[in-house]
Amino acid sequence: MADIPRLNGAIRALEQGKPAFVTFSPAEINAAQAIAAAPYDAVVFEMEHSPYDVRTLRDCMQYMLDRRQIVQSGTLAAAVAPMVRIPPNGGEMNQWVAKQVLDIGVYGVIWPHVSTVEEARNAVAACRYPRPPNARYFEPAGQRAAIRRRNVLELIEAGGNIYYLAKFAGIFGLSVQDVGAQQTGMPVEAFKQMLLDRGK
């Protein structure tokens with residue numbers, strides 16, 4: 001399988017040795033629409049010093065989608081990568097806010113005031129899947145390797161749930177069935193039937 005292109009334009013620019021152009025913005029729909037058409041690599045929605053409203057953040061991200069850009073680029077990746085600076089600072093050892101914004105679909109989370117190694121580990125743990133082997137809720141054996149190899153069938157065999165399969169397929173802008181069928185060489189309908197037969 002070919003390498004998956006980097007979805008976050010700021011990280012892509014940095015990996016290529018180029019400057020990354022990122023702006024901060026309040027989580028407001030009008031601002032999101034204007035920034036979506038601007039030549040930035042990413043936008044950081046400021047929610048540390050303004051009200052934390054996850055629904056407004058979701059709406060901002062919806063208004064950043066441009067159907068023409070999606071069709072022309074052939075990817076669902078936003079032209080301007082949405083990121084967010086969350087309200088809790090590193091010392092609070094908070095994780096749920098990062099999980100919420102990542103589930104909505106932001107491409108990056110900025111944690112304010114991370115001052116210690118322990119706070120940095122907490123921030124990273126909140127934003128990463130799969131969990132380390134010594135984590136309290138470690139994934140079933142084999143899922144980590146399947147995710148690293150981007151192998152949908154291995155993930156199914158390892159007991160991967162449909163939520164992670166859907167997120168995994170979303171990287172490609174496809175459905176779980178599309179990705180699985182591509183990896184197995186099976187027709188999509190046959191792959192769907194295999195999933196039903198295995199109760200996944």
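Bear in mind these aren't lab numbers, they're just calculated from the coordinates by the rules spelled out. Bear in mind that the values here come from a model prediction, so they are computed numbers and not experimental data. Using ideal geometry, Cβ is built from the backbone for each residue, glycine included, and neighbour counts are taken over all protein chains shown.
Assorted remarks:
- Distance cut-off 21 Å, percentage of C-alpha pairs in the range 9-127 lying past it: 39 percent
- Net +/- balance of residues flanking N89 in space, Cβ distance below 12 Å, scoring K and R +1, D and E -1: -2
- Summed residue charge, Cβ within 14 Å of M61's Cβ, Lys/Arg positive, Asp/Glu negative: -3
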